[in-house]
Each structure stands twice: as structure tokens, then as C-alpha cells.
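Just so it is clear, none of the values below were taken in a lab; they were calculated from the coordinates. Bear in mind the structure is a predicted one, so any value in this text is a computation, not a measurement. No Cβ is skipped: glycine too gets one built from the backbone with ideal geometry, and neighbour counts run over all protein chains shown.
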Amino acid sequence: TIASDKVRISLVIDKEDKAKLEEIAKADDRTLSYIVNKAIKEYLQSNT
């Protein structure tokens, strides 16, 4: 179950990029979802 202010999406990325993101998540003791959400938020802040 996800929070009412959240939405589930699906995306396709390179295997190598996914592996790098998983390494970052593991090193930071975070989930892959957290890392991807953080990257999206930083991108939006820089481009809006």
C-alpha cells in the first residue's frame, strides 16, 4: 500500500544505471525508491 499522496510508476533504465543506483542506495542504507525519488526532486528543483 502506498500513501494517498503518492503514485506508482514504471520506467525502463539501463542495467548499469540500475546497478549504480542500487550501490548508492545500499551504501546510504536507503531504498532504491528513495534514491530515485531524491534524484527526481533534485532535477525538478534545478529545472523549474
Single residue of 29, 17, 5 found to be free of Cβ contacts under 8 Å to residues at least 12 places away in the same chain and at positive phi: 29
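Name the single residue that is surrounded by the fewest Cβ atoms within 10 Å (Cβ to Cβ) among those in segment 8-32 being outside any loop (DSSP other than H, G, I, E, B) and among the hydrophobic types (A, V, I, L, M, F, W, C). Working first, answer last.
To start, the set of residues in segment 8-32 that are outside any loop (DSSP other than H, G, I, E, B) comprises 15-27, 32.
Restricting the remaining residues to those that are among the hydrophobic types (A, V, I, L, M, F, W, C) gives 19, 21, 24-25, 27, 32.
On the way: 19: 10, 21: 15, 24: 14, 25: 17, 27: 8, 32: 13.
Only one residue tops the list, namely 27.
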